[in-house]
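The structure under discussion appears below in the form of structure tokens.
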Amino acid sequence: MQRRNAFFKVRFIFTCVLVACLIIFTSASSDSNASPAINSISGTVSDGQTITINGSGFGIVGPNVILFDDFETGINNNYIGNGVTPARVGTWEDSSTACSPTYYSIYSTSQAHSGTKSARQNWAKSPTADGGAMWIGPLFNGPVTKIYFSFWTYLPTGQNVPGSSGGMGPNWKVWWLQSTPYHKDDFASEIVTDPPYETSLCWVDGTKNRLCYMNSYQPFSFSKGQWKRWEVYMTASTSSGVGQLWFTSAAQARSLWANATGRTIDDGSAGWNYLRMPGYARYDSNSNTYYDDIYVATGNGALARVEIGNNSSYTNCTNLAVITPTAWSNASITATVRKGAFNPGNAAYLFVIDSTGAASPGYPVTIGSGGSAPAPATVSAPTGLRILTN
């Protein structure tokens, strides 16, 4: 009887150890391959403040943020650029320092997505009917092969897509990515209708049979008098480059509009050296376009980022504000808050998106204060276990 009791005790101990090992192994495997999850936030979720986000599955690769600007530090009607104009993060390059400042993008209080200012282009000041360059863009430190950027645009009610009344027809390249200042490895989203009801994610120079989403122009929703967010992710390859484009607005939850793979650069090209917003537009006596909350990141972690949204599910958000990380690890991120169009007292959610584009569940926060811990997950007791006795 004693030997039998000893046998059952050993068997029970072995079973418990086995279960414990399985739980630990499963937990470890889950953590190493898990989607991002936020456990806590320290600091105040207020514009310009530093916060630390703790959790798991953030990934070891974060973004190389080369530019962010909400244009709040500029002076109304001053032009933006010349390679020395500071953004909140990074420095602005402009279309040409040889032009009159009246042909530049300017800081403007006429419209704003966040705060009181945005970047404005008045297309009545284009030097010719064929249009002009009023672009602004980040300064790249050498060619980039992976890039993610987001920004908000606005076209006032009662005003034209640039070119509509200029004699040559509407043409607004909302953004333009290039290897050289002219035509090489070019991609853009272009609007050539008024009202704007279609756009593109396509090459500009039309050579080398490059990637083009759904044969150029495709329907999309763009309402005058409403801010719209664009997000673009591009990778450089002569065979398997990626082009993705998302849209978000008050009337449209974040959605993937374009997702294509193919040739994105020429043979021998090292990547892209220029990003311009807007890339180009034609003269129009009744057209002003506006850009706000521009964010640009490069590198293997270009897609990784931190955002504030207005819904606990990232894909259901109709308002998003990207914030700028300064340190990134798999379990901790330090970032500077950029509140976007959120105001103090607003209830919101914080998201961590990893380098594959996977988003965490929203972590509840209040703008102007801190984060509130989410309800603890319910853990079910294990089933199917028996304690053997004599």
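Some values worked out for this structure:
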{"quantity": "Nonlocal amide H pairs with residue 317, under 5 Å, H built at 1.01 Å", "calculated": "254"}
{"quantity": "Local electrostatic count at residue 85 - Lys and Arg +1, Asp and Glu -1, tallied over other residues with Cβ under 9 Å", "calculated": "-2"}
{"quantity": "Built amide H within the under 5 Å cut-off of residue 241, gap 5+", "calculated": "262, 263, 264"}
{"quantity": "Cα-Cα pairs of the stretch 102-158 separated by more than 13 Å (percent)", "calculated": "71 percent"}
{"quantity": "Contour excess over end-to-end distance, with Cα ends at residue 216 and residue 72 and 0.36 nm allotted per residue", "calculated": "48.3 nm"}
{"quantity": "Karplus-derived HN-Hα couplings along the stretch 157-170 (A = 6.51, B = -1.76, C = 1.60, θ = phi - 60°), whole Hz, x at Gly and Pro", "calculated": "4, x, 10, 9, 4, x, x, 4, 10, x, x, 10, x, x"}
{"quantity": "Potential extension, residue 331-residue 358 segment - 0.36 nm per residue separation minus Cα distance", "calculated": "8.2 nm"}
{"quantity": "Per-pair calculated FRET efficiency, R0 = 51 Å: residue 242 and residue 369 via Cβ, rounded to 0.05", "calculated": "0.85"}
{"quantity": "Burial ranking of peptide ranges 278-287, 322-331 (average Cβ count within 10 Å, highest at the top)", "calculated": "278-287, 322-331"}
{"quantity": "Local net charge near residue 168, Cβ-Cβ under 10 Å (Lys/Arg +1, Asp/Glu -1)", "calculated": "-1"}
{"quantity": "Cβ-defined net charge surrounding residue 338, 13 Å radius [Lys, Arg +1; Asp, Glu -1]", "calculated": "-4"}
{"quantity": "Highest average packing first - 253-260, 133-140, Cβ atoms within 10 Å", "calculated": "133-140, 253-260"}
{"quantity": "Whether the stretch 61-148 is rounded, prolate or oblate, judged on the alpha carbon gyration tensor where a/c under 1.5 counts as rounded", "calculated": "oblate"}
{"quantity": "Shape category assigned to the stretch 246-356 from the gyration tensor of Cα positions, a/c cut at 1.5", "calculated": "oblate"}
{"quantity": "Karplus 3J(HN,Hα) series, Hz, for the stretch 302-319 with 6.51 cos²θ - 1.76 cosθ + 1.60 (x for Gly, Pro)", "calculated": "4, 6, 5, 6, 10, 9, 9, x, 9, 8, 5, 9, 4, 6, 9, 6, 10, 9"}
{"quantity": "Distance from the stretch 303-320 to the stretch 65-136 (C-alpha centre basis), Å", "calculated": "27 Å"}
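Since every read-out is calculated from the coordinates, none of them should be taken as a lab result. On a predicted model such as this, the values are computed, not experimentally measured, just so you know. Neighbour counts are summed over all protein chains in view; Cβ atoms, including those assigned to glycine, are modelled from backbone coordinates with ideal geometry.
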